[in-house]
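First the structure, in the form of structure tokens, and then the observations on it.
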């Protein structure tokens with residue numbers, strides 16, 4: 001699995017946005033290479 005953190009800043013419909021989120025990826029090693037089988041985002 002892989003875990004990351006990201007921050008999104010900007011404007012949406014004229015209002016400021018500042019969001020921090022976390023992402024978890026579940027990966028499987030296949031004969032064709034690593035594949036993402038599940039993604040989860042949270043605040």
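The values are calculated or read from the model by the stated rules, or taken from the named source; none is laboratory data. Everything numeric here is computed off the predicted structure, so don't read it as measured data. Cβ: placed from backbone, ideal geometry, glycine included. Neighbour counts: every protein chain shown.
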Response to the item:
Checked against (1) modelled with pLDDT of 95 or more; (2) touching a strand residue (DSSP E or B) at 6+ places or on another chain (Cβ under 8 Å), residue 43 satisfies every condition except (1)
Item to complete: Would you check which residues across segment 1-24 are surrounded by 10 or more Cβ atoms within 10 Å (Cβ to Cβ) and either assigned to a loop (DSSP other than H, G, I, E, B) or more than 8 Å from the chain's Cα centre (by Cα) (or both) and list them?
Response: 2, 8, 17, 19, 20
Item to complete: State whether the residues of segment 27-39 include one that is touching a residue at least 24 places away in the same chain (Cβ under 8 Å), in contact with a strand residue (DSSP E or B) (Cβ under 9 Å, 6 or more places away or on another chain) and either surrounded by 10 or more Cβ atoms within 10 Å (Cβ to Cβ) or assigned to a strand (DSSP E or B) (or both).
Response: yes
